[in-house]
1. With a ≥ b ≥ c the root eigenvalues of the C-alpha gyration tensor of segment 144-220, is it rounded (a/c under 1.5), prolate (a/b larger than b/c) or oblate?
2. With the cut-off at 20 Å, tell me which of the pairs LYS12/LYS48; LYS48/LYS122; LYS79/LYS285; LYS12/LYS325; LYS257/LYS285; LYS12/LYS202 have Cα atoms farther apart than that.
3. On a full-extension model of 0.36 nm per residue, what is the gain between ASP144 and LYS325, subtracting their alpha-carbon distance, rounded to one decimal in nm?
4. If you plug each phi of segment 7-23 into the Karplus form 6.51 cos²θ - 1.76 cosθ + 1.60 with θ = phi - 60°, what whole-Hz ³J(HN,Hα) values come out, in order, with x for Gly and Pro?
5. Just tell me which aspartates and glutamates come within less than 17 Å, Cα to Cα, of LYS91; anything on the same chain fewer than 8 places away is out.
6. Hey, can you grab everything whose amide H is under 5 Å from the amide H of VAL96? Only 5+ residues off in sequence or another chain; H modelled, so Pro and N-termini drop out.
7. How much length would be gained if the chain were fully extended between THR102 and GLN276, taking 0.36 nm per residue of separation minus their Cα-Cα distance, in nm to one decimal?
8. For the residues ILE212, ILE273, what sequence is obtained by ranking on other C-beta atoms within 10 Å, fewest first?
Amino acid sequence: MAEPLLRIRNLKIRIQNGGETGYPVNDISYDLCENETLGIVGESGSGKSMHVLAMLGLLPRGLAVESGEIVFAGRDLLKMNAQELRNVRGKEIGIVFQDPMTSLNPVLTVGRQISEVLVRHKRLDWRSARARARELLELVGIPDAERRMRAFPFQFSGGMRQRVMIAIALACEPRLLIADEATTALDVTIQAQVIDLIRSLKERFGMSVLWITHDIGVVAGFAETVQVMYAGQIMERGPVRSVFYNPASAYTWSLLKSLPRPDQVAGEPLYQIPGQPPNPFRLAKGDPFAERNPFATPRCFEERPALRPVGDVQGHEVAAWYDLKTRIRETGGAA
Ligand SMILES: Nc1ncnc2c1ncn2[C@@H]1O[C@H](COP(=O)(O)OP(=O)(O)O)[C@@H](O)[C@H]1O
Ligand SMILES: [Mg+2]
């Protein structure tokens, strides 16, 4: 089998706060293949962003990689120095974060900011860089690109700013695009447009996409594979359809159940996952979701389950001691 583009093994991230130690990312392993779109979902605080920041050498103070490997295109990113990482970032890995206002420079024109990436990473002269920047703005669907080149970030709407970020992320034709809550701040219509845009650009550039969101609904129509994270662990993963139609983790089941549905009766409250989100400083010794899981069994509180195959669907795996369908039947469904 071909080597995956990204191979993460046993990644563990430690956070130090006074005398306390926590693990926001607690031993995760996964592969991302060439041309694959992998969605990572989970509530806020599940470690999605931290594992990406570790990959890019951008962990905030107080957080550090304790152990593991992050191999991108055959090289361990965790062994690279700052200069090598800077070259990978923006050139081989393009990144789009949630808030373009904080990633864009407010005092430079948008044209200048895109051109700069091309001058730095692609060694273009300013004139060619500018021409290419204009093409990129057109590519991401910004009308009147020539004029918009001279505008400043605050003169763009949220959706248009996110398109500018995508243009910057794609400027060097990266092999991997990471979108971390890239559409979370946008309204639903604009969100759908941005997703469509990334989907078509993916076809065009032939890149891999790591799509991170707290919204399991966003991943449904877009990713091929989905991975559900909770408390810094991977609870379930597999082909999107299989995970959505046949969830095996009570956590995935809860996320799906809390989605608004077309057949929702007006005024009927949405399912809310009981209890508190996980705290990396107070990790349970067993299944991290056990205390919020209406289907938990005694063993869930005792031992941490490893990923195991689900049925006979290739690549569908769950970290759970129980069989979800059996537990739903035994308990008569969730309260
Ligand atoms: N800047 C930070 N400093 C210290 N701890 C942080 C910081 N950001 C996040 N954390 C911790 O890391 C955990 C995981 O956060 P994060 O990866 O941002 O979650 P997600 O992206 O899934 O919402 C959080 O619950 C929090 O405890
Ligand atoms: Mg995040």
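1. On the way: a/c = 2.07, a/b = 1.24, b/c = 1.67.
In terms of gyration-tensor shape, oblate.
2. Going by Cα-Cα distance, LYS48/LYS122; LYS79/LYS285; LYS12/LYS325; LYS257/LYS285; LYS12/LYS202 fall outside the 20 Å limit.
3. Details: separation 181, 0.36 × 181 = 65.16 nm, distance 5.41 nm.
That works out to 59.8 nm of additional length.
4. 10, 9, 10, 6, 6, 10, 10, 9, 10, 10, 9, x, x, 8, 10, x, 10
5. The reachable aspartates and glutamates, counting only those whose Cα sits under 17 Å from LYS91, are GLU34, ASP76, GLU116, ASP125, GLU173.
6. Close amide H contacts, sequence-distant or interchain: ILE178, ALA179, ASP180.
7. Fully extending the segment from THR102 to GLN276 adds 59.7 nm.
8. If I rank by nearby Cβ atoms, fewest first, I get ILE273, ILE212.
FYI, it's all coordinate maths here, none of it is from the lab. Quick caveat: nothing in here was measured; it's all calculated off a predicted structure. FYI the Cβ positions are ideal-geometry reconstructions off the backbone, even for glycines, and counts take in every protein chain you see.
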